[in-house]
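Worksheet: the structure to be examined is printed underneath.
Every number in this text was worked out from the coordinates using simple rules, so none of it is lab data. On a predicted model such as this, the values are computed, not experimentally measured, just so you know. Note that we place each Cβ from the backbone using ideal geometry, even for glycine, and neighbour counts take in every protein chain shown.
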C-alpha cells in the first residue's frame with residue numbers, strides 16, 4: 001500500500017482536509033486515539049467497551065477517511081454493520097461475514113448486468 005499525500009496535490013484546487021469531513025464524534029475519537037499513542041487497549045478501557053468494539057469504531061473512522069480521500073460515497077451496509085457492532089448488537093465476526101456476503105452478492109449482480 002502506498003501513502004496518499006494530501007498536501008501536495010497536482011491540481012492545487014482548494015479542498016477541505018479529510019479530517020475536517022469527519023463528524024465531531026469521529027474527530028474526538030481521533031484525538032483520543034492520538035493521545036493514547038494509538039493503543040486500542042487503552043481506548044477500549046477509556047470508552048468502557050471491548051477491544052473488538054473499539055477496533056470496529058477505528059475501522060469505521062478509517063473507512064470515512066478513505067472515502068473522503070477518494071471522493072467515493074459512503075457504503076451504507078458497512079456503516080450499518082459498524083454501528084451495530086459499536087452498540088454491541090452484533091459481534092464483529094458476524095458483521096464481517098454479513099459484509100462479505102453482501103459484497104459477494106453485489107459483485108454477482110454487477111457480473112450479471114455486464115453479461116447482458
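Note on residue 51 and residue 32: their simple-model spin labels are 1.8 nm apart, each label 7 Å out from Cα toward Cβ.
Multiply the residue separation of residue 39 and residue 76 by 0.36 nm, subtract the distance between their alpha-carbon atoms, and state the gained length in nm to one decimal.
Details: separation 37, 0.36 × 37 = 13.32 nm, distance 2.79 nm.
Net length gain for the segment: 10.5 nm.
At q = 0.21 Å⁻¹ the log10 of I(q)/I(0) for the chain amounts to -1.21, computed by Debye summation with a single uniform scatterer per C-alpha, solvent ignored. Springs join every pair of Cα atoms under 10 Å in this Gaussian network model of the chain, and among 92, 73, 52 the largest mean-square fluctuation is at 73.
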